[in-house]
Amino acid sequence: MNKKKRTAAIVIFAVLAVALFVGTLISGTADKSETIREVMKDAVLHGQNRVSLFGLPVNPGLISAMTVTGIFLIFSLIVRILVIPRFKMVPGKFQLLLETAVGFFDNLAKTNSPHRNRFLGAYVFTAGSYIFVGTLFELFGLEAVTTDGITISLPAPLSDINGAIMLGCLSYLVILSGGILSNKLRGVGRTLKEFSLPISMSFRMFGALLSGALVTELVYYSVYLSYGLPILVGVLFTLLHALIQAYVLTMLTSLFYGEVSEPVHKH
Amino acid sequence: MPLNIDWQQILLHLLNFVVLFAILYFLLYKPVKAFMEKRTEQYRQMDEEAKKKVSESERLKEEYRQKLDAAEDEITAERKKARAEIEAATAARMERAEAEAQKVLSDARRDIEHERNKMLHEAQNEITGMVESAAEKLVAQSTTSEAFDQFLDAAKRGSVNE
């Protein structure tokens, strides 16, 4: 592209951007069906907007969770059938990405729990991938129709408190299982000592993901802020807390698992 | 329940997660990890083989060095031995040559002595013959007493010369 063409492209892009911005200012906002208070309350409680799952009204977060599992199933099948059999000793870019992901969680498990880490590695890999992809999932804005007939964009699975409680408690149970397998009753005692762990893990994740959802809701609620700003708020914030939350939960789980599964040394 | 917590939905989330765990474990985590472990094992074997080869070459190098040292020692010993042999042979030859020279010299001396004696004996015989013939001549020319005196003079001269 020569200099003239580049200048012309920049000018056209700038004119379009200004035109769109002026358009949004002139057109104003349509009448909102919900107040900001209702929107935010619903984002927290999911009391109103329910989606039907085979006739059972559920939170949209559960639909998101199942969609994420579906995405993973298709992706994993494609990778298993087409990519993994063609793995090379010197990896290409995609192979390197897969190996880095698996190696990262495997190392996390091995480093934090050197005595027992086979199951832990697989668990933190699943949990980390689920949190990361599930959080990024809200960026795609897939739509679902509620039981009231309203179209909503599907949120992150873990912004649903039930999903967050499930993952927090399951992580606690995994830690407990590590304690029992390694140290029998002493392991149970060690795990029960951290009784606040399931609550703290669940609500930390719920709070982190919910805050992201709330900020995004707030930004989208005002039409003036929905121009340009969501690029920063939506993409960067979501990407950051997807990474941070995936790391925090997997790291904490590995750490506590390693602590309770460490064999007792008798002096 | 507060915060819209619903046990049924928690269990559905759990079911979903268990399915996801099975999918990711069997389709992604396990095969990728198996491949990585296989590669690590392969590299470990290669490393082990390389180390084994290095140690083997070190051993061979040491062995060759020792052999070289031994060969050098052997060469030095052989050289010393050869030098000693050469010196011994030279000395023996010199001794033999000297003995031969001595023998040649003594033979020569003996021959010379023999020749001298032979020549003296011949000379004596010749002189005696000459004296006899001279005496005969004198006897024929002079008286018996003069001839006798001449004979005695000639005999005296012959014994002095001898």
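The values are calculated or read from the model by the stated rules, or taken from the named source; none is laboratory data. Predicted model, so just to flag it, every value in this text is computed and none were measured. For neighbour counting, all protein chains shown are included, and Cβ atoms are generated from backbone atoms with ideal geometry for every residue, glycine included. Quick note on the areas: whole protein, heavy atoms, side chains included, nothing else; ligands and nucleic acids left out. Shrake-Rupley method; radii C 1.70, N 1.55, O 1.52, S 1.80 Å.
Of all residues in segment A:86-107, which are in a helix (DSSP H, G or I) and in contact with a helix residue (DSSP H, G or I) (Cβ under 9 Å, 6 or more places away or on another chain)?
A:86, A:94, A:95, A:98, A:99, A:101, A:102, A:103, A:104, A:105, A:106, A:107
Please specify each residue of segment B:10-66 satisfying the condition of being within 21 Å of residue A:89 (Cβ to Cβ), open to solvent by 60 Å² or more (accessible area, probe 1.4 Å) and over 47 Å from the mean Cα position of the chain (by Cα).
B:30, B:37, B:38, B:40, B:41, B:42, B:43, B:44, B:45, B:46, B:47
Scan segment A:127-148 residue by residue and report those that are open to solvent by less than 50 Å² (accessible area, probe 1.4 Å), away from chain B (no Cβ under 12 Å) and not hydrophobic (A, V, I, L, M, F, W, C).
A:135, A:138, A:141, A:146
Just to be sure, is residue A:77 out of contact with any helix residue (DSSP H, G or I) (no Cβ under 8 Å at 6 or more places or on another chain) and at pLDDT 80 or above?
no
Mind counting the residues in segment A:149-164 that are open to solvent by 10 Å² or more (accessible area, probe 1.4 Å) and at the interface with another protein chain (Cβ under 9 Å from one of its Cβ atoms)?
Looking only at that region, the number is 0.
Condition check ((1) part of a helix (DSSP H, G or I); (2) at pLDDT below 90; (3) more than 14 Å from the chain's Cα centre (by Cα); (4) under 14 Å from residue B:21 (Cβ atoms)) across all residues:
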{"residue": "A:120", "(1), (2), (3), (4)": "yes, no, yes, yes"}
{"residue": "A:125", "(1), (2), (3), (4)": "yes, no, no, yes"}
{"residue": "A:128", "(1), (2), (3), (4)": "yes, no, no, yes"}
{"residue": "A:139", "(1), (2), (3), (4)": "yes, yes, no, no"}
{"residue": "A:152", "(1), (2), (3), (4)": "no, yes, yes, no"}
{"residue": "A:170", "(1), (2), (3), (4)": "yes, no, yes, yes"}
{"residue": "A:176", "(1), (2), (3), (4)": "yes, yes, yes, no"}
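For residue B:51, only one of the following conditions fails: (1) facing another protein chain (nearest Cβ under 8 Å); (2) at pLDDT 95 or above. What is its number?
Unmet for residue B:51, out of (1) facing another protein chain (nearest Cβ under 8 Å); (2) at pLDDT 95 or above: (1).
Mind listing whichever residues of segment A:178-203 are without any contact (Cβ under 8 Å) to a residue 60 or more places away in the chain, part of a helix (DSSP H, G or I) and under 25 Å from residue A:246 (Cα atoms)?
A:192, A:193, A:197, A:198, A:199, A:200, A:201, A:202, A:203, listed by residue number.
Test residue A:213 against the criterion of being at pLDDT 80 or above and out of contact with any strand residue (DSSP E or B) (no Cβ under 8 Å at 6 or more places or on another chain), and give yes or no.
Against the criterion (at pLDDT 80 or above and out of contact with any strand residue (DSSP E or B) (no Cβ under 8 Å at 6 or more places or on another chain)), residue A:213 does not qualify.
Could you grab me the full set of residues in segment A:64-104 that are more than 10 Å from chain B (Cβ to nearest Cβ), among the aliphatic types (A, V, I, L, M) and more than 21 Å from the chain's Cα centre (by Cα)?
Of everything in segment A:64-104, those that are more than 10 Å from chain B (Cβ to nearest Cβ), among the aliphatic types (A, V, I, L, M) and more than 21 Å from the chain's Cα centre (by Cα) turn out to be A:82, A:96.
Looking at the structure I just gave you, is residue A:62 closer than 20 Å to residue A:164 by Cβ, in a helix (DSSP H, G or I) and not aromatic (Phe, Trp, Tyr)?
Yes; evaluated as a whole, the condition is true for this residue.
Just name the residue that is modelled with the highest pLDDT out of those in segment A:15-48 that are small (Gly, Ala, Ser) and assigned to a loop (DSSP other than H, G, I, E, B).
In this case the residue turns out to be A:47.
Does segment A:165-177 contain at least one residue that is surrounded by 16 or more Cβ atoms within 10 Å (Cβ to Cβ), touching a His at 6+ places or on another chain (Cβ under 7 Å) and not polar (S, T, N, Q)?
Yes, there is a match, as at least one residue in segment A:165-177 is surrounded by 16 or more Cβ atoms within 10 Å (Cβ to Cβ), touching a His at 6+ places or on another chain (Cβ under 7 Å) and not polar (S, T, N, Q).
Quick one: would you say residue A:41 is more than 10 Å from chain B (Cβ to nearest Cβ), without any contact (Cβ under 8 Å) to a residue 24 or more places away in the chain and more than 21 Å from residue B:20 (Cα to Cα)?
Yes.
Tell me which residues, restricted to segment A:200-218, are within 15 Å of residue A:248 (Cβ to Cβ) and open to solvent by 40 Å² or more (accessible area, probe 1.4 Å).
Listed by number, the residues that qualify are A:200, A:203, A:204, A:211.
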